[in-house]
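Visitor: Below: one structure in structure tokens.
Taken together, the values in this text are just the output of simple stated rules run on the coordinates, not laboratory data. This is a predicted model, so every value here is computed, not measured. Ideal geometry is used to build each Cβ from the backbone, glycine not excepted, and the neighbour counts take in all protein chains shown.
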Amino acid sequence: MKIQSEDAIHLLKTGNVVAIPTETVYGLAASLSQPPAIEQIFTLKGRPSHNPLIIHVADESQLKPFVKEYPPGFSQLAKAFWPGPMTLILPIQPHVIPSIVTAGLSTAGFRIPNLDLTLHIIKATGPLVMPSANLSGRPSATSAAHVEEDFGRDFPVLDGGSCQKGLESTILIFQDGVWVIIRQGSLPPIAFEEVLGYQPEVITTVSADKPICPGQLYRHYAPKAQLILGDRSRIHEAACIVGFKDRLYPHDKRQMLLGSLDQPEEVAANLYKILRQLDQENIPSAWVDMDFPSDGIWKTIAERLTKASD
Ligand code: TXA
Ligand code: MG
């Protein structure tokens with residue numbers, strides 16, 4: 001059910017869950033001051049309770065009451081990338097954030113999204129927790145129609161059109177004297193080099209004694225369709241081809257095109273839409289052309305496709 005921003009503000013303030021757009025993906029929002037609504041987010045998504053949520057604020061003044069200490073480089077990162085697709089994991093003051101949000105951790109993830117519509121809402125409601133607005137394990141939602149696909153036509157969603165970025169925020173944490181990336185996202189590691197003086201390492205392995213991104217442990221981004229990645233000898237096994245506008249593929253199969261090889265931003269913005277389209281059309285299997293560059297945002301695209309194929 002499409003709602004207006006003033007409805008979204010009212011619903012959020014009165015303890016309801018609504019879906020709202022951001023520049024990365026749509027979020028399933030609840031007010032940080034409404035724990036029952038936050039609990040409902042976990043139920044609606046089928047999300048494990050030990051997977052913490054990102055807190056979205058409108059500006060740094062909304063962030064201040066929660067943060068215990070700002071790691072070195074925080075101000076430079078915030079100045080360069082907020083509002084924007086960057087989430088920073090920061091040490092938090094005790095007892096200021098409901099433990100359902102943090103999964104009991106002594107840190108929380110924070111982000112200032114880069115969409116005026118969203119910032120207008122957060123200014124009015126105060127901080128919002130927002131996971132991506134998809135059922136757990138499914139591809140994220142990059143349009144209001146995707147949200148309705150997962151949560152039904154009656155679910156309140158503020159329609160902000162298609163998300164400009166189409167991939168989630170990049171998540172960083174400060175550990176052992178450096179910032180590291182614990183979830184790849186819309187901002188590639190190289191984007192941080194000028195600000196930090198180094199490219200943050202991407203931590204993908206899980207080790208018990210290091211802070212990790214709990215969400216990375218779960219199945220993610222997956223359509224029902226089986227994805228066959230890259231191996232050209234297996235094209236014939238698939239019902240459909242997911243590839244690029246500028247390539248030729250066998251004509252006897254349905255083709256779904258992500259965009260052009262020289263427009264990685266376009267490919268990123270289309271990725272979840274195409275993964276969802278496979279299921280909309282009940283396509284049992286798709287061969288995915290993985291022959292693309294490995295720099296910048298392409299790395300995130302490859303990581304999402306790999307996870308989606310699990
Ligand atoms: O672009 C985005 O970040 C979107 C939009 C809606 O803002 N949100 C999003 O939220 O992707 P979600 O819940 O789908 O993913 C958040 C990830 C999860 O993998 C979670 O485990 C991790 O952030 N996370 C949250 N708090 C954390 C913490 N304190 N330490 C480590 N990882 C954390
Ligand atoms: Mg998600």
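Visitor: When a/c reaches 1.5 or more, the comparison of a/b and b/c decides; with that in mind, is region 115-237 rounded, prolate or oblate per its Cα gyration tensor?
Guide: oblate
Visitor: What are the extents of the Cα atoms of region 7-147 along their three principal axes, listed from largest to smallest and rounded to whole Å?
Guide: 40, 30, 29
Visitor: From the gyration tensor of the Cα coordinates in region 230-310, what semi-axes in whole Å does the equivalent ellipsoid have, largest first, with each one equal to sqrt(5λ)?
Guide: Semi-axis lengths for region 230-310 are 19, 14, 12 Å.
Visitor: Next up: With a 10 Å cut-off between alpha carbons and a GNM built on the chain, which of M290, M86, M130 moves the most?
Guide: Comparing M290, M86, M130 in the GNM, the peak value goes to M290.
Visitor: Follow-up question, since we're still on this one. Over region 30-101, what relative contact order in percent results from Cα pairs under 8 Å that are six or more residues apart?
Guide: It rounds to 41 percent for region 30-101.
Visitor: Report the residue, chosen from D59, D159, D116, that carries the largest GNM mean-square fluctuation when the chain is represented by alpha-carbon nodes joined by springs under 10 Å.
Guide: Of D59, D159, D116, the most mobile in the Gaussian network model is D116.
Visitor: Give the peptides 89-97, 17-25 in descending order of average Cβ contacts within 10 Å, highest first.
Guide: Ranking the peptides 89-97, 17-25 by packing returns 17-25, 89-97.
Visitor: Per 0.36 nm of contour for each residue apart, how much would the distance between K64 and H95 grow if the chain were fully extended, relative to their Cα-Cα spacing?
Guide: Taking K64 through H95 to full extension adds about 9.7 nm, to one decimal.
Visitor: Which residues does the label zone of D310 cover in region 121-149, counting backbone N under 20 Å from a point 7 Å along Cα→Cβ?
Guide: Residues passing the 20 Å test: 131-141.
Visitor: Go through S106, P48, W82 and say which Cα lies farthest out towards the positive end of the charge dipole of the chain; charges sit on Cβ, +1 for Lys and Arg, -1 for Asp and Glu.
Guide: It is P48, whose Cα lies furthest towards the positive end.
Visitor: Continuing with the same structure: Per DSSP H run of at least 4 residues, take -39500 (n - 2.57); add these up for the chain, divide by its residues and hand me the 222 nm value, nearest 500 deg cm²/dmol.
Guide: The helix-only estimate for the chain comes to -8000 deg cm²/dmol at 222 nm.
Visitor: Take the alpha carbon atoms of region 267-299, find their center, do the same for region 1-30, and report the distance between the two centers in whole angstrom.
Guide: Value for the Cα centre distance between the two parts: 28 Å.
Visitor: Using modelled backbone amide H atoms (1.01 Å from N, in-plane), which distant-in-sequence or interchain residues come within less than 5 Å of Q175's amide H?
Guide: Result for Q175 returns V180.
Visitor: Please report the relative contact order for region 66-156, taking Cα pairs under 8 Å with a sequence separation of at least 6, and give it as a percent rounded to a whole number.
Guide: 22 percent
Visitor: Compute the helix-to-body angle for 264-280: its Cα long axis versus the longest principal axis of the chain, expressed 0 to 90° and rounded to tens.
Guide: In the chain, helix 264-280 runs at an angle near 70 degrees to the longest axis.
Visitor: Where the Cα atoms of the chain are projected onto their three principal axes, how long is each span, largest first, in whole Å?
Guide: 59, 47, 34
Visitor: Hey, another quick one. Between S106 and H251, with labels modelled 7 Å along Cα→Cβ, what's the label distance in nm to one decimal, could you check?
Guide: 6.6 nm
Visitor: Over the chain, what relative contact order in percent results from Cα pairs under 8 Å that are six or more residues apart?
Guide: Relative contact order comes out at 19 percent.
Visitor: Hey, which lysines would be in cross-link range of K299, C-alpha to C-alpha under 26 Å, not counting anything within fewer than 8 residues on its own chain?
Guide: K79, K165, K210, K224, K245, K273, K307
Visitor: What nm value, rounded to one decimal, do you get for the distance between D176 and E237 when each label is placed 7 Å out toward the C-beta?
Guide: About 3.8 nm, to one decimal.
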